[in-house]
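Undergrad: Quick one: structure below, then a few questions.
Each value in this text was obtained by applying a stated rule to the coordinates, not by laboratory testing. Treat the numbers as computed from the prediction; the structure is a model and nothing was measured. With ideal geometry, Cβ positions are generated from the backbone for all residues, glycine too; neighbour counts draw on all protein chains shown.
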Amino acid sequence: PFLPFHSQAYVATIGRLPGAYERATGESLWQAYKRMPTTGNPVAFTAISAATGGGKTVGACALMAHLVLTESASCAYVVETIEGAEEARQHLETLLPGRVACFTSIHRTDARPEKVRDYASMNVVAGSHCTEDQFKAAQVVICTHERWKLELTKNADLGVRQWRVKDRTLAVVDEEPQLQVTYVQQPEDVALLLSVLSDRTLKRSEERRVGK
């Protein structure tokens, strides 16, 4: 069962049992996973809302580890920041030693020294490194929104959504990703668009009158 494993995962990763709210978050994660579509092409995310400090990160790591150990699942954890990626890597590596790969600008084997120094100055240090091929071959992967969105927009296989040519069992996207593109326009741009549309409509009307 997942919930006993959830408690064990808390002890293993942060050295204590989960509180009541954290257990409730774990239960929500499990119920959301069980409600996810198992066939076809899902067209929406299954969203879970929990307050900061509510146990989402450890709970999600526990869920992925449970699925890997009980169902031989393959999972991806997509986070917003490099700091979050390293935190998730530490938890998952504790629960699934040797099965996890994290790929960010400081976790890649050819990371730029200045990038590594910049993050080290903020106390963010990569605990492991991997190549592109090692990332794609890993059963459980961690990356940032940027890599995941690049895979979506380029329709390429970067190892996030698939493992061994099959969709991963579960992909957890932490925080709300910015998937939309925003175009900033001024009022005069709207007026210009209306003018263009009106002009085209008028021309088509004139064409109909002359029998074109």
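Undergrad: As an exercise, use a Förster radius of 35 Å and the Cβ-Cβ distance of residue 8 and residue 153 to find the FRET efficiency, rounded to the nearest 0.05.
TA: Rounded to the nearest 0.05, the efficiency is 0.35.
Undergrad: What is the set of long-range amide H partners of residue 171 at a cut-off below 5 Å, with H atoms built 1.01 Å from backbone N?
TA: 76
Undergrad: Select from the stretch 78-185 those trypsin sites (Lys or Arg not before Pro) which occupy a DSSP coil region and have at most 11 other Cβ atoms within 10 Å, ordered by residue number.
TA: 164
Undergrad: Moving on to the next point. What is the pair-distance distribution P(r) of the stretch 1-129, computed from all Cα-Cα distances in 5 Å bins starting at 0, with each bin given as a whole percent?
TA: Histogram of Cα-Cα distances, whole percents per bin: 2, 10, 18, 20, 19, 15, 9, 5, 2, 0.
Undergrad: Suppose each label sits 7 Å from its Cα in the direction of the beta carbon; what would the residue 175-residue 129 distance come out to in nanometres?
TA: Output for this residue pair reads 2.5 nm.
Undergrad: Which ³J(HN,Hα) values in Hz, rounded to whole numbers, follow from the phi angles of the stretch 87-97 under the Karplus curve 6.51 cos²θ - 1.76 cosθ + 1.60, where θ = phi - 60° and Gly and Pro get x?
TA: Per residue, the Karplus-derived 3J(HN,Hα) values read 4, 5, 4, 4, 5, 5, 5, 5, 7, 9, x Hz.
Undergrad: Taking 30 Å as R0, compute the FRET efficiency from the Cβ-Cβ separation of residue 162 and residue 16 and round it to 0.05.
TA: The computed FRET efficiency comes out at 0.25.
Undergrad: Using amide H atoms built 1.01 Å from N in the peptide plane, name the residues 5+ places from residue 142, or on other chains, whose amide H lies under 5 Å from its own.
TA: Hits under the 5 Å cutoff: 77, 101, 102, 103.
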